[in-house]
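Values quoted throughout were computed directly from the atomic coordinates according to the rules given, and no laboratory measurement underlies them. Just so it is clear, the structure is predicted and the values come from calculations on it, not from any experiment. Every residue, glycine among them, receives a Cβ derived from its backbone with ideal geometry; neighbour counts consider all protein chains shown.
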Amino acid sequence: MSLKPVEMLMTRRLVAVGFLIAAGVAVVSAQLPATLLDYNRSKPFNVAVVSTETRGSATITQMSYDRVTAGPRGATLVAPAARAGIRRPGILFVHWYEPPNPTSNRTEFVEDAVELAGSGVVSLLVDTMWSDPKWFESRDPATDLGHSIEQIKELRRALDLLASRPGVDPARLYYVGHDFGAMYGAAVASLDQRRLKGFVFMAGTKSFSDWFLLWPRRQDEAQKAQVIAQTASLDPTRYLSTVRSLPMLFQFANQDKFVPRASAEALIATVQSPKDVRWYDAAHALNAEATRDRIAWLKQHIEKP
């Protein structure tokens, strides 16, 4: 029996996650030195507007901007149509990886952003290395750590870009991430916790190796241990445990084949910051209830003085 690409990916995730939980793997390496995640904050963004449209009370702008170390990256800015010089909160949305799902890119959160624009929020939705549907199976595992470091830098730069947009209050920034967007966001939440006012973690797992072991497959135990050690210093548990006063919303699914409840609870246990943990009768994509809760949580925190 043949499997569709997404079904094959799902099966690989299940096998690898099951192995780690059964083996009781514990990784003890520390975080990466913060200097390795520093970048040139003075580099111009060179924003180029591609198109603009109005949807309800929101203006949606397709644009590009220069990355930390390379050329342009695509992004979508969703802002209230009427700005009138008001300083507004900003949210950075970072999408999931689930090809061939059509929302496995920065379009995932467009509807969230449009609704929040009605409450005066400016949102930035960005491309990532996993915006490419072929990213996971075409990547070179030997470069996972290096590319992960670069991705974290790019997300921090995206936060800079959001803070620099006209009308955005740089003291009222939020981060929302799903899947890999949540996991890489954990480092951002730690490194930039002083300028963030809220963080939403959607259906991510505790360790990058939980998913990086899915492809290519390793049969040798020593090879598996090497993969675990390679990216352990970037694991979400390592960064979320260092956040102290940032309000966080965690959203998990009871039927998530990619994030077993044991993995989610292991991650939650490391969080010291104020946290709201919610479970849904849903799969990895979550559901409409989760969307309503997420938007309500963001609005509640945005309205706080």
> Tell me, what is the FRET efficiency for LYS299 and ALA70 to the nearest 0.05, using R0 = 41 angstrom and their Cβ-Cβ distance as r?
Replying inline: 0.70
>> Let's see if you can work this out: charge +1 on each Lys and Arg Cβ, -1 on each Asp and Glu Cβ, no other charges. What is the dipole magnitude of region 5-303 about its Cα centre, in debye to the nearest 20?
In response: 780 debye
>> Test of understanding: what is the full-extension gain from THR35 to ALA225, defined as 0.36 nm times their sequence separation minus their Cα-Cα distance?
In response: 65.8 nm
> Relative to the longest principal axis of the chain, what angle (0 to 90°, nearest 10) does the C-alpha long axis of helix 5-23 take?
Replying inline: 60 degrees
>> Give me the one-decimal nm value for the distance between modelled label points at ALA283 and ARG217, 7 Å along each residue's Cα-to-Cβ direction.
In response: 2.2 nm
> What's the longest bit of the chain with no exposed trypsin sites (Lys or Arg not before Pro), using DSSP loop states and at most 10 other Cβ atoms within 10 Å as the test?
Replying inline: 42-133
> Which residue, SER119, SER64, SER138, tops the fluctuation ranking in a GNM of the chain built on C-alpha contacts under 10 Å?
Replying inline: SER138
> Among the lysines, which have Cα under 18 Å from the Cα of LYS197 when same-chain residues fewer than 8 positions away are ignored?
Replying inline: LYS275, LYS299, LYS304
> When the Kirkwood hydrodynamic radius is evaluated over all pairs of different C-alpha atoms of region 56-118, what value in angstrom, to one decimal, is obtained?
Replying inline: 13.2 Å
> Rounded to the nearest 500, what is the chain's calculated 222 nm mean residue ellipticity when only DSSP H runs of at least 4 contribute -39500 (n - 2.57) each, over all residues?
Replying inline: -11000 deg cm²/dmol
>> As an exercise, use a Förster radius of 30 Å and the Cβ-Cβ distance of GLU53 and LYS134 to find the FRET efficiency, rounded to the nearest 0.05.
In response: 0.55
> Hey, any idea what Rg/Rh is for region 85-173, computing Rh the Kirkwood way over Cα pairs?
Replying inline: 1.05
> Rounded to the nearest 0.05, what FRET efficiency do ILE86 and THR143 have when you use their Cβ-Cβ distance and R0 = 35 Å?
Replying inline: 0.20
> Which of PRO141, GLN151, MET129 sits closest to the plus end of the dipole of region 105-186, meaning its Cα is farthest towards the positive end, when Lys and Arg get +1 and Asp and Glu get -1 on the C-beta?
Replying inline: GLN151
>> Could you derive backbone 3J(HN,Hα) for region 194-210 from the dihedral phi with the Karplus parameters 6.51, -1.76 and 1.60 (θ = phi - 60°), listing whole Hz in sequence and x where the residue is Gly or Pro?
In response: 6, 9, 8, 10, x, 9, 10, 10, 10, 6, x, 10, 6, 9, 4, 5, 3
> For q = 0.11, 0.15 Å⁻¹, what log10 I(q)/I(0) does region 5-303 give under the Debye formula with an equal point scatterer on each alpha carbon and no solvent?
Replying inline: -0.62, -1.19
